[in-house]
Every structure is written in C-alpha cells, then in structure tokens.
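Structure, as structure tokens:
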Amino acid sequence: MGRWAKAITPAMLLLAMITTGLALHHWQRQAQAQSALAAATPSAVDIGFAQSMSLHHQQAVQMAQMMTRSDSTAITGLARNIIGTQLLELGEMRGWLRLWNQSFLPPETSMNWMLLGDEPPGPALRQYLLDCEASPTGMPGLATPQALAALNDLHGLERDRRFLELMQAHHEGGLPMAQFAARHARIHAVRRVAANIVLEQSREIAGIRIMLKMLESARPDELPPG
C-alpha cells in the first residue's frame, strides 16, 4: 500500500463513520416523527385537508405533466417545479392517510370539514364554502374534465396561456383550504405542510401573473426559455 493510500485510509474510515452516524441520526428522527404522527389522533380538519388537498395536487400534477410533453419552451420550468413540489407533498399526505387508515381521496365532494375549526366561520370562509357547493368539481378553480381535454388539444402560445390561466385559478381555489388547515389542523406536520403550500402557491401565482402579461404582448421568439 502506497504512502498516499496509507494517509487517506484513516480519513476515509472517519468519513464513513461520520456519514453512517448522520444517516442513523436522520433515520431515527424520521422514525420518531412517523411514530409521533401515528400516535396522534387526527381531527376532521387533518383528515379532510389531507384528502381534499391530495385530490387538488393530483390535478395540478396532471396539468403540469401535459406541458412537459408539449413543445412549449416558455413554461416548462414552471411545470416541472409544480410536478416535483406537489408530488413530494402528495406522497407525504398519502403517508398520513395510510397511518390513519383513511382513504386517499375524500369520500364526498363536500368541504364541510372546514366548518370544524377552532372558531366560527367568517364571511370569507362562508363564501368559499358556497363557491365549493356551486362548483361542478366541488372546489373553486379545480378544472373540469372538459377543460383539461380542451387544454390538451391546444398548441403553442394558446396552450401556454390556457395552462397558466387554469393553474392560476387552480392555485387560487386551493389557497383558502391550505390557509384554513395551517391555522386549525391539530397535528403539527399538517399545519407545516399547509403553511408551505400557502407560501409556494402564493409565489407561483405571482409568477404566473407576470408570465401571462408577457404572453399578451410577446412574439414566440421573444419568450424566455423554460
């Protein structure tokens, strides 16, 4: 064994020990968090949010996947970001529901779990629930199958514009649900994910509005790459 190999071997062993220790610590923390989550008794808000937001995320991922398969270069980055972020959150929410022995999707279209917060519903929440009842999909902003089929048939700038319009409405329709869960969910992990969704989707809405303004006046060769 050369002098270089002799010198590097102890360092490699030390690095391996540190890496193994960090991995074990991370695994222990994850196991403790999962155990605490399983032991906690979820409220109707925890369950309702996880089921309704799972449905909401499924459609966002579906729409974004349509755009990554197209020839668009203007919004591919946004679509990929939506897919990556929301698939992770969807997996976490489904993990909760599995631990709680609940179905992945809501058993009905009603959003009445939002009536079960720590305080009586205010005017904005009551209006949101009325909008949910009036929506053909059960949630404001959730695209109908016909709207998704129409998006899939479009091309070029029209496709980009319609995707951005649908995704803006989709995000805006889901924000009240996430804001409610961030305040009223019983379990800390649920409140944390709900608050993250509020932050992420508020930022994406602002970006979508800018992109729509760009599309109003830009020629195809002026659009930024994805």
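So that you can scan it fast, the table gives a plain yes or no per residue for (1) small (Gly, Ala, Ser); (2) modelled with pLDDT of 95 or more; (3) touching a Lys or Arg at 6+ places or on another chain (Cβ under 7 Å):
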position	(1), (2), (3)
Ala60	yes, yes, no
Gly77	yes, no, no
Leu87	no, yes, no
Gly95	yes, yes, no
Leu105	no, no, no
Met111	no, no, no
Leu157	no, no, no
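Given the condition part of a helix (DSSP H, G or I), among the basic types (Lys, Arg) and open to solvent by less than 80 Å² (accessible area, probe 1.4 Å), answer yes or no: does some residue in region 93-103 qualify? It would help to see each step written out before you state the result.
The initial filter retains those residues of region 93-103 that are part of a helix (DSSP H, G or I), namely 93-99.
Next, only the ones that are among the basic types (Lys, Arg) stay: 94, 98.
Next, only the ones that are open to solvent by less than 80 Å² (accessible area, probe 1.4 Å) stay: 94.
Taking every residue of region 93-103 in turn, at least one turns out to be part of a helix (DSSP H, G or I), among the basic types (Lys, Arg) and open to solvent by less than 80 Å² (accessible area, probe 1.4 Å).
Just checking, does region 117-127 include any residue being surrounded by 12 or more Cβ atoms within 10 Å (Cβ to Cβ), aliphatic (A, V, I, L, M) and in contact with a helix residue (DSSP H, G or I) (Cβ under 6 Å, 6 or more places away or on another chain)? Before the answer, list the steps.
Within region 117-127, the subset surrounded by 12 or more Cβ atoms within 10 Å (Cβ to Cβ) is 117, 121, 125-127.
Filter again for aliphatic (A, V, I, L, M), leaving 125.
From what is left, the residues that are in contact with a helix residue (DSSP H, G or I) (Cβ under 6 Å, 6 or more places away or on another chain) are none.
There is no residue in region 117-127 that is surrounded by 12 or more Cβ atoms within 10 Å (Cβ to Cβ), aliphatic (A, V, I, L, M) and in contact with a helix residue (DSSP H, G or I) (Cβ under 6 Å, 6 or more places away or on another chain).
If I filter region 133-154 down to residues being without any contact (Cβ under 8 Å) to a residue 40 or more places away in the chain and open to solvent by 60 Å² or more (accessible area, probe 1.4 Å), which single residue comes out as nearest to the chain's Cα centre (by Cα)?
Looking only at region 133-154, we keep the residues that are without any contact (Cβ under 8 Å) to a residue 40 or more places away in the chain, and these are 133-138, 140-141, 144-147, 149-150, 153-154.
With the extra rule that they be open to solvent by 60 Å² or more (accessible area, probe 1.4 Å), the set shrinks to 133-134, 136, 145-146, 153.
Values: Glu133: 23, Ala134: 24, Pro136: 22, Pro145: 20, Gln146: 23, Asp153: 25 Å.
Looking at residues that are without any contact (Cβ under 8 Å) to a residue 40 or more places away in the chain and open to solvent by 60 Å² or more (accessible area, probe 1.4 Å), I get Pro145.
Return only the number of the condition from (1) closer than 19 Å to Met53 by Cα; (2) assigned to a helix (DSSP H, G or I); (3) among the aliphatic types (A, V, I, L, M) that Leu142 does not satisfy.
Condition not satisfied by Leu142: (2).
In region 155-195, what residues are basic (Lys, Arg) and either open to solvent by less than 30 Å² (accessible area, probe 1.4 Å) or in a helix (DSSP H, G or I) (or both)?
Residues of region 155-195 basic (Lys, Arg): 159, 161-162, 183, 186, 191-192.
Within region 155-195, Arg159, Arg161, Arg162, Arg183, Arg191, Arg192 qualify.
The values are calculated or read from the model by the stated rules, or taken from the named source; none is laboratory data. Please read all numbers here as calculations on a predicted model, not as lab measurements. Cβ atoms come from the backbone with ideal geometry, glycine included; neighbour counts cover every protein chain shown. For the accessible areas, the whole protein counts, side chains as well, though only heavy atoms, and no ligand, DNA or RNA atoms are used. Shrake-Rupley method; radii C 1.70, N 1.55, O 1.52, S 1.80 Å.
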